[in-house]
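As structure tokens, the structure follows; a few thoughts come after it.
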Number of protein chains: 2
Amino acid sequence: MNRQQLINQIRFKKTFLCVGLDTDINKIPQHLLNQPDPVLAFNKQIIDATHDLCIAYKINTAFYECHGVQGWQTMINTLNYIPKNIFTIADAKRGDIGNTASMYAQAFFDAQASGMSFDAVTVAPYMGADSVKPFLAFADKWTILLALTSNESAKNFQLINNQDGFLYQQVIAQASQWATPEQLMYVVGATRGTALADIRKQIPHHFLLVPGVGEQGGSLADVCTYGLNADCGLIVNSSRGIIYAGADENFAQAARNEAMKIQQQMEGELGKIFDF
Amino acid sequence: MNRQQLINQIRFKKTFLCVGLDTDINKIPQHLLNQPDPVLAFNKQIIDATHDLCIAYKINTAFYECHGVQGWQTMINTLNYIPKNIFTIADAKRGDIGNTASMYAQAFFDAQASGMSFDAVTVAPYMGADSVKPFLAFADKWTILLALTSNESAKNFQLINNQDGFLYQQVIAQASQWATPEQLMYVVGATRGTALADIRKQIPHHFLLVPGVGEQGGSLADVCTYGLNADCGLIVNSSRGIIYAGADENFAQAARNEAMKIQQQMEGELGKIFDF
């Protein structure tokens, strides 16, 4: 999916919500555990209940890898169940030297090789340009680079600074030389407040993937105040707050209700920049 | 495998070689392609031919993930074929927030959950302490944190500096507060010359996993000069230089010959610190 298609989706559906499928078999409703693949059954119902309220799904690869081969199959089946007009993100945070990065890009972008073709993959910057560029070699695919993450210990290294600014600002400055806003996004945590405003000044045009709204304590209103640009420029993720909103047989409806609350708030925010 | 068992292996086998199973189906001998699982068939012969010459195998997860479910199965089968007294490393370079990092740790350490129980996993430091500590929660398992990598663009961020030193030195300084040398190692590229000497001064006791000897241009003699400590303290990896030494039906013997050259050089180096 290219940038214009993504923006069109956002305008049409009046939402920039991403639903995070961080599906933990220990947290899904009991009645699903007798299904052949409980996690897949859960994901399908969540997707059915939310796909008109969001523009993206984010699959957190760790929650699938921890189940080995079966988990990998569940991830593929989940991806392939998502409607084709919805943006899909492999939240894999990979990062390795060139020839290895190419293999990771194949794993997430090349369905012929791996059975999966996501629109985007999250990538870690620590190893530098040659660990990121192989992902950028795929046409019409997106790389979402970690910049300033939502977790407490992001400060350990991302907020190290010198005369060129914080490490995360230097990551953004360098990486923005490697690709255009048509191919590259950044992860910026919703818990970062005014740092988001600084980042928006540094990169006015890029889309930002923003986790940390909801369970992690970030405010959607603040994220919009500091982060919206003329094209929206935000994909805001919520995982646990939506998918675990209910714990019984009505969990999908409960998830829909939570997603709708966020969508309605987003519609209000989008009304400030788009002429619906 | 704990530290003393690892050191005992090194003394007993007179080697600190790690063979990297970065197995690319496009580079293995043609005659294997009619096997049910060509990559597994290749890996088994490499393991049979080298296991007395090395103390570790490193599985680069990207080369397996790019084949989807089948690749994940090949990785599990490869791991389970490695003799139990040899140190096993999942070169996965994972890194994510706490609850996600716990899932990655399960994927590589908890055979009941995932079918795999490696001795060690490589982890990226960008997201800080809470992305690393869940790996450290597993008893008798090792976390191998990226410090100064062997690739050209490592300089983009790892060599950013301020009054507290280079970023990689700050990673080592902070992470060394999180765990002892009984549980934590660092990745330091063989191409880094005297930086390895500086790192050895900073952390005299930790084991270092050193890739980059061979194809990437690092010198084993230099690595030993700068990096050996009284317990050896080095695991030196070679992947392509060994596993692709031959391209025909004698590939396993060719791999053995290359591994033996390195083992003999290592035996000479170990003779300087151990009384065999």
statement: Those residues of the stretch A:211-231 which are free of Cβ contacts under 8 Å to residues at least 40 places away in the same chain and within 15 Å of A:T194 (Cβ to Cβ) amount to A:S219, A:D222, A:V223, A:T225, A:Y226, A:G227
field: When residues of the stretch B:78-98 are limited to those that are among the aliphatic types (A, V, I, L, M) and touching a Cys at 6+ places or on another chain (Cβ under 8 Å), the one farthest from B:P125 (Cα to Cα)
entry: B:I86
query: Restricted to the stretch B:129-149, and to residues that are within 7 Å of another protein chain (Cβ to nearest Cβ) and surrounded by fewer than 24 Cβ atoms within 10 Å (Cβ to Cβ), which residue is farthest from B:G98 (Cα to Cα)?
result: B:A129
- prompt: Residue check: is B:A105 facing chain A (nearest Cβ under 9 Å), surrounded by 24 or more Cβ atoms within 10 Å (Cβ to Cβ) and of a type in the set (A, V, I, L, M, F, W, C)?
  reply: yes
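Of the residues B:M116, B:M75, which single one is modelled with pLDDT of 95 or more, touching a helix residue (DSSP H, G or I) at 6+ places or on another chain (Cβ under 7 Å) and facing chain A (nearest Cβ under 8 Å)? Full working, then the answer.
Details: B:M75 fails: facing chain A (nearest Cβ under 8 Å).
When all the criteria are applied, what remains is B:M116.
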- prompt: With the stretch A:126-190 as the region, which helices (runs of 4 or more DSSP H) entirely inside it contain at least 2 residues that are over 20 Å from A:C18 (Cβ atoms), more than 18 Å from the chain's Cα centre (by Cα) and of a type in the set (G, A, S)?
  reply: A:129-136, A:167-175
- prompt: Among the residues of the stretch A:45-52, is any modelled with pLDDT of 95 or more and in contact with a His (Cβ under 9 Å, 6 or more places away or on another chain)?
  reply: no
query: Among the residues of the stretch B:196-231, which ones are assigned to a strand (DSSP E or B) and under 22 Å from B:I59 (Cα atoms)?
result: B:L208, B:L209, B:V210, B:V213, B:G218
message: Can you tell me how many residues within the stretch B:236-250 are buried (at least 16 other Cβ atoms within 10 Å of the Cβ), in a loop (DSSP other than H, G, I, E, B) and without any contact (Cβ under 8 Å) to a residue 40 or more places away in the chain?
response: 1
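Quick check on my filter: what residues within the stretch B:78-97 are among the aromatic types (F, W, Y) and at the interface with chain A (Cβ under 10 Å from one of its Cβ atoms)? Spell out the reasoning first.
Step one: list which residues in the stretch B:78-97 are among the aromatic types (F, W, Y), which gives B:81, B:87.
Matches in the stretch B:78-97: none.
Answer yes or no: is there a residue in the stretch B:97-116 that is within 16 Å of the chain's Cα centre (by Cα) and in contact (Cβ under 8 Å) with a residue 24 or more places away in the chain. Quick ask: steps written out before the conclusion?
Applying the first criterion (within 16 Å of the chain's Cα centre (by Cα)) to the stretch B:97-116 yields B:108-109.
Add one more test, that the residue is in contact (Cβ under 8 Å) with a residue 24 or more places away in the chain, and what stays is B:109.
For the stretch B:97-116, residues within 16 Å of the chain's Cα centre (by Cα) and in contact (Cβ under 8 Å) with a residue 24 or more places away in the chain: present.
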message: For the structure I just gave you, tell me whether A:I10 is of a type in the set (V, I, T) and within 14 Å of A:I235 (Cβ to Cβ).
response: yes
message: Please determine whether any residue of the stretch B:42-64 is more than 10 Å from chain A (Cβ to nearest Cβ), buried (at least 18 other Cβ atoms within 10 Å of the Cβ) and in contact with a Gly (Cβ under 7 Å, 6 or more places away or on another chain).
response: yes
query: Are there any pairs with C-beta distances below 7 angstrom linking a residue in the stretch B:17-29 that is at pLDDT 95 or above to a residue that is surrounded by fewer than 18 Cβ atoms within 10 Å (Cβ to Cβ) and not hydrophobic (A, V, I, L, M, F, W, C), with the two at least 6 apart or on different chains, and if so which?
result: B:D22/B:R240; B:P29/B:D248; B:P29/B:E249
query: When only residues in the stretch A:154-204 that are surrounded by 19 or more Cβ atoms within 10 Å (Cβ to Cβ) and hydroxyl-bearing (S, T, Y) count, which is farthest from the other protein chains (Cβ to nearest Cβ)?
result: A:Y186
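The values are calculated or read from the model by the stated rules, or taken from the named source; none is laboratory data. The model shown is predicted, which means the values in this text are computed figures rather than measured ones. Ideal geometry is used to build each Cβ from the backbone, glycine not excepted, and the neighbour counts take in all protein chains shown.
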